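Here is the structure we will look at, set down as structure tokens.
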Amino acid sequence: MSAAVACDPNETSKCSDVYTTARSPDGRFLVEVRRCEMRYAAPGQGGDAPGIIRLVDLTNGKELKRKRIDIVSTFTGAEWSERRVSIPLLVDWDLPTSAKH
């Protein structure tokens, strides 16, 4: 059985280990990389695990986006702008605009 089969990114109980995070400069958003359970890994292969990347709105805790990735160590960081977050070679997501009351 391949390692990818052991990971179902829709079942967060199997992807519960937070591998790393990146907070937006304004503190409103968080990119969270979760490592999924692997049935077998040789020593030193923990970063080769599949996982999910989530974009979370920290003002309300709501998950805005989610994407499955094959290897969590491909996450090299997030590049933030006022309206977007880019994760090189993985995702390019629009950020919601804030509603002012």
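One residue stands out among those in the range 55-101 that are in a strand (DSSP E or B) and touching a residue at least 60 places away in the same chain (Cβ under 8 Å): the one that is least open to solvent (accessible area, probe 1.4 Å), which is 85. Being at pLDDT 90 or above, touching a strand residue (DSSP E or B) at 6+ places or on another chain (Cβ under 9 Å) and open to solvent by 20 Å² or more (accessible area, probe 1.4 Å), is that true of even one residue in the range 38-52? No, because not a single residue in the range 38-52 is at pLDDT 90 or above, touching a strand residue (DSSP E or B) at 6+ places or on another chain (Cβ under 9 Å) and open to solvent by 20 Å² or more (accessible area, probe 1.4 Å). For residue 1, the conditions (1) modelled with pLDDT of 85 or more; (2) open to solvent by 70 Å² or more (accessible area, probe 1.4 Å); (3) not β-branched (Val, Ile, Thr) all hold with the exception of (1).
The values are calculated or read from the model by the stated rules, or taken from the named source; none is laboratory data. On a predicted model such as this, the values are computed, not experimentally measured, just so you know. Note that each Cβ is placed from the backbone with ideal geometry, even for glycine, and that neighbours are counted across all protein chains shown. These accessible areas exclude ligands, DNA and RNA; they are computed on the full protein's heavy atoms, side chains included. Shrake-Rupley method; radii C 1.70, N 1.55, O 1.52, S 1.80 Å.
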